[in-house]
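The values are calculated or read from the model by the stated rules, or taken from the named source; none is laboratory data. Keep in mind it's a predicted model, so treat the numbers as computed, not measured. As a convention, Cβ positions derive from the backbone with ideal geometry for all residues, glycine included, and neighbour counts pool all protein chains shown. Side chains included, ligands, DNA and RNA excluded: accessible areas come from the protein's heavy atoms. Shrake-Rupley method; radii C 1.70, N 1.55, O 1.52, S 1.80 Å.
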Amino acid sequence: MAFNIKDLLEKIAFNRRNFVKLLVGGAAGIHLTPLPWKLMDDIAIWTQNWPWVPVPPVGEFSHERSVCRLCPGACGIEVRKVHNRPVKIEGRTDYPVNPGGICPLGAAGLQLLYNENNRFTGPMKRVGPRGSGLFKDLSWEEALKELSDRLMGLRQENRPESLAAVDGYPIGSSMALLIQRLLKAVGSPNYVRIPSAEETFEMANSVMMGNMGPVAYDLENADFILSFGAGLIEGWGSPGRMLHAWGIWRDAPLKGKTRIVQIESRASNTASKADQWVAPLPGTEAALALGMAYVIIKQGLYDTRFVQNYTFGFEGWTSADGQDHQGFKDIVLEKYSPREVEEITGVEARKIFSLAKAFAQAKAPVAVCGKGKGTLNGSLLEYMAVQSLNALKGGINRPGGVLVLDPLPLSPWPEPEPDAIAQMGLGKTRLDQAGTGRYPFSRSLIHHFTGAVLDGQDSPVDTLLVFSGNPAYTLPDGGRFNHCLKRIPYIVSFTPYRDETALMADLILPDHTYLEKMDDTVYPPGLQYPLYALSRPVVDPLYDTRHSGDVIIQVAKALGGSVGSAFPWKDFEASVKARAQGLFKFEEGGLTSYDKSRPTWKEIAGSGEIKKEDTSFDKMWGKIKSSGFWYRPPRLQGQDMPFQTPTGKFEFFSSEIELAVKRLAEESGGSLESALKEMGITVKGDEAFIPHYETPDTGGDKETYPLRMIPYELINLSSGWVPNPPYLKKTLFADQLRKDESFAEINPETAAEYGLTQGDRIIVESHQGELRVRVSPFDGAMPGVVFLPMGLGHTAYDAYQRGQGVNPNQIIERGKDPLSGEAVWWETRVRIRKV
C-alpha cells in the first residue's frame, strides 16, 4: 500500500495537538508533579468498596523505604503505613534514580499485595485439567518433598538434563544466579530466559565494543536525543527517572536546550510530545539510521579524532592474508543514500538529510533504542546501526552520550563442583541451541526451546521450573508456548500470581510479592552510573508464601551431596550479603546515601575521589539494607576507552561476527555464504560484518495479508508478567477498552478503504489466528497498519482482568532476528474484515 509521510504529517498536525491534550500524563502534569496521573482521590474512594481491601484501624503513621521491583527500572519507593498496614506508595526523593517520580503501576502496587483473588495464598497441587485453575492446598513440607523427590529421581535415572527452567528475573540479579546455579548443580544446561532488551543490548555491546556490560545513556546531559522507538515517557528504562528527566528538559534548568526526535510508526505519547516525530515503515529503523550515517559521512560531520583513533573498520583495509576489505564508510556510501533509504523506509530523503545534519551538529547528541518500555528484545542489527551513529559522533564515554560501564564490583560466589551425574548432563547440547555455532551470541532462545519440546515424539523436558515470568501470555508466538506446556509432564510455578502459565502448573510454590521480600537489581537499564539496588520487605507476608530464593536453597539441601554443598548459605539474604562483600572491598569507593541537592547526572563530568563511607562491611551492609542502594557517581575524566574487542577499538566491522561465521563454516564443512545464510544473513561479503539492513521476516504473503499489525505498550498497563492493578482500568480511554472489548487503532484512510467507522467490530487475522476488536480511527496510526495495545486479553486472574480485551501476542507470527536467532516483536502480516 502506498504511503506518503508528508501527507500523514499534514493530516495529523491539528489532530496531534488535540491528541496531546487527551493523553494520560499531559505535559503540564509531567512538569509539575512526580506522579502525572491525577487519580488518587476518586480511586481511593472507589477501592474502599473492594472486599479484599481491609479498612485500616486508627493508628500511627509510619514510612518504609524500599525499591520497586515491578519492572527492571528499580525506582525508589516510600510506603506509607497506618498501624503497620501499607496504605500508599510514593516515589522517594532520597534515592538517586527517580527523584520523587513514580509510574502508575508503581503507585498501584498495593493492589497486587492485597488482592487474594489474583494471588496464591500457599503451596498448591493441581487436581483438575491443566488450565482449569483447580488446585488443592499442600503444606510446605509436602510441596518441597514432592519437588525434591522429582529432581532426585531425574538424577537417579541419569537424565538431569531433562530439568529446565524459564527465568524472568533481571540479568545479574542474585535470583537469576541462584536459578542458574541450581540447574548447574543438578546437571542441566537448559536454563532459558524470558527474552528482554537487556540481552539485545548485551549482544550489540559484545560484537561492537567487546564489553558484555550494560549500556547506559547520559540523557540528562544530552542536547539532542534521537529515540528509535524508545517510549521515554511510556515506561522506558527507569520510569521515574525518565518522567523526571522529561520535566527538566521541558522546564528549568534545561528548558529549550534539549531537542527530542521520536522515530516510530505510531504517534505514541513520546512521539506526540517530542520536538519532531519521524514515522518510518515498521521494521526499517536500521536502514534509516544508516541513511543518516550516509549524510554524516558524506558531509564530513563525523568526529574525525574519535573515528581515526578509537574505531576499526571505518575505512577499507588490507588484512594480514592480503585480502582487501570494504569499510563501513564505503558500504554505507554505496548502499544507503537518502534516496535509496527513502524507498525502504518511506521517509523522504530531504528529511533524512536534515535530521542527520541536525543530529551531527548538536554538541552532545545521543541515539537510543529499545522499543516501548525497553523491556522487549529487539533486532541486533538495528541496535548496531543505532550505535554506529553514536560512534560517528564520538559519543562513547562522553557526557551526554553512551557510557560503557564496568561490571559492579560484587563478590562472585564460589563455583559449584558438579558431580559425575551433573557433568554428564551438562555435557549435553542445550535444547535451544543458544551459544552454538549457529547462534553464538545468544544466551538463551526460548522459541527454539519451545520448538524442541513440540517437535519431538516425546518431550525432552520432564520437569520445568518457571520463575518471575508468564511466558504463556507474554511471548509473541501465537500461543506455541502454551502448547509446549501441555507436552511437559511436570511443571512447577514459583509465581505469587494466578497467571496463565501458573494455571498450567502441577505444583505451585508461591513467592512473596515485591513488598514482602528482599531482592536485588544490578544496573537498572539505561542508567548512566553503577548502582546496586536492594528492595526490602515493608510488611510481613500476608499469606503462607516463601521467598523463592529460600525455596531453591531448601530444595538443594534436601537433594544433598554436591547439589546441597553448592548452596552454603542458610537463606537468600545470606547469599546476597556474600555478593555485597565486593562493594565494601572496592577500593575506589561508593555511596549509600544521596544528596538530592546534587543530582547525580550533574556530576558526570566531574572529578575527585569518592571515599569509602564505612570502616566495616557490617556497617555498610546495614546502610544498604536501610537505604536500598549502593552507587558510584560517574567519573569520566581521565578514563580510558572501554573497548575489549580483538582490535581494542570500537568496531564498525565486527571481528567477532567474522570469526563466528568462519567457525560455523568450518564446523559444517560449508562456505562462508552458506554459514551466513544459516545465521539468517542475506547480504554477502564485508557488508555481513557491519551494521546493515535486513528485510524483516513478518510471516504471511502480502496478497493474502495486505496489512501489518504492530502491538504497542502503555505506561498505565502492565504488559509483562505482573498483573494489572484493577484501578488502572480507570486510566484507559473509552477508545482503548470499552467493557470487555479492546480497540485497534487504524488510520482513517485505511478505515475508509474497508468501510469502517469509530466503534465498528472487526476480525484481525494472521496466519497464526484471529482476534475480535473494535475500530478506533486515529490520524497518528500509519496507513496500512493495525495497532493493538498490549497488557489486555488475559485468560487468568480475576474478573477485573480475565476476558478484558485481546492479547496481540496470540496472532503474532514468529519473526526470527538475524544473528541472534530470537523471535522479535516485529510487525505481523494480517487482514481484517468487518463483523
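In this model, which of K486/K557; K145/K577; K255/K602; K371/K649; K88/K730 are farther than 21 Å apart at the alpha-carbon? Result: K486/K557; K145/K577; K371/K649 exceed 21 Å. Using θ = phi - 60° in the Karplus curve 6.51 cos²θ - 1.76 cosθ + 1.60, the 3J(HN,Hα) couplings for the stretch 732-745 round to 7, 7, 5, 9, 10, 8, 10, 6, 10, 10, 8, 10, 9, 7 Hz; x is entered for Gly and Pro. Using a probe of 1.4 Å, the accessible surface attributed to K88 totals some 60 Å² when neighbouring protein chains are kept in position. The order of the peptides 611-619, 268-276 by mean Cβ neighbours within 10 Å, most packed first, is 268-276, 611-619.
Distance between the modelled labels on R833 and D540, one decimal in nanometres: 6.0 nm (7 Å Cα→Cβ projection).
If R₀ is 56 angstrom, what is the calculated FRET efficiency for the pair K486 and V82, using the beta carbon separation as r and rounding to 0.05? After rounding to 0.05, the efficiency reads 0.75.
Dipole check for the stretch 287-435: with +1 at the C-beta of Lys and Arg, -1 at the C-beta of Asp and Glu, and the Cα centre as origin, the magnitude is about 820 Debye.
In this structure the amide hydrogen of E741, modeled in the peptide plane, comes within under 5 Å of the amide hydrogens of G805, none closer than 5 places in sequence on its chain. Solvent-accessible surface (1.4 Å probe) assigned to Y543 amounts to roughly 50 Å². Taking amide H atoms as placed 1.01 Å from N in the peptide plane, the amide H of D499 has no partner under 5 Å among residues 5 or more positions away or on other chains. Computed extension gain for S626 through H767, at 0.36 nm per residue and net of the alpha carbon distance, reaches 45.5 nm. In terms of packing, defined here as the mean over residues of other Cβ atoms within 10 angstrom, the peptides 735-747, 141-153, 779-791 line up highest first as 779-791, 735-747, 141-153. Close amide-amide hydrogen proximity is noted between G210 and Q644, each under 5 Å apart and 5 or more residues distant or on a separate chain (H modeled in the peptide plane; Pro and chain starts excluded). Per-residue 3J(HN,Hα) values for the stretch 393-400, derived from phi via the Karplus relation 6.51 cos²θ - 1.76 cosθ + 1.60 with θ = phi - 60°, read 8, x, x, 9, 6, 9, x, x Hz in sequence order (x marks Gly and Pro). For the chain, the mean residue ellipticity at 222 nm estimated from helices alone is -9000 deg cm²/dmol, where every DSSP H run of n ≥ 4 contributes -39500 (n - 2.57) and the total is divided by all residues, rounded to the nearest 500.
Rounded to the nearest 20, the size of the Cβ-charge dipole of the stretch 172-288 about its Cα centre is 220 debye, with Lys and Arg at +1 and Asp and Glu at -1.
Between the residues Q804, Q387, L788, the greatest Cα displacement towards the positive end of the dipole of the chain, with unit charges on the Cβ of Lys, Arg, Asp and Glu, is found for Q804. Quick one: work out the % antiparallel among DSSP beta bridges in the chain, nearest 5. Close to 55 percent.
Rounded to the nearest Hz, the phi-derived 3J(HN,Hα) couplings of the stretch 676-681 under the Karplus curve 6.51 cos²θ - 1.76 cosθ + 1.60 (θ = phi - 60°) are 4, 4, 5, 8, x, 9, where x marks glycine and proline.
Reported to the nearest whole Å, the Cα centre-to-centre distance from the stretch 788-835 to the stretch 419-457 is 26. Placing unit charges on each Cβ (+1 for Lys and Arg, -1 for Asp and Glu) gives the stretch 527-668 a dipole about its Cα centre, and among S565, F650, Y594 the Cα reaching farthest toward its positive end belongs to Y594. Semi-axes of the equivalent ellipsoid of the stretch 370-473 are 35, 21, 15 Å, computed as sqrt(5λ) over the eigenvalues of the C-alpha gyration tensor in descending order.
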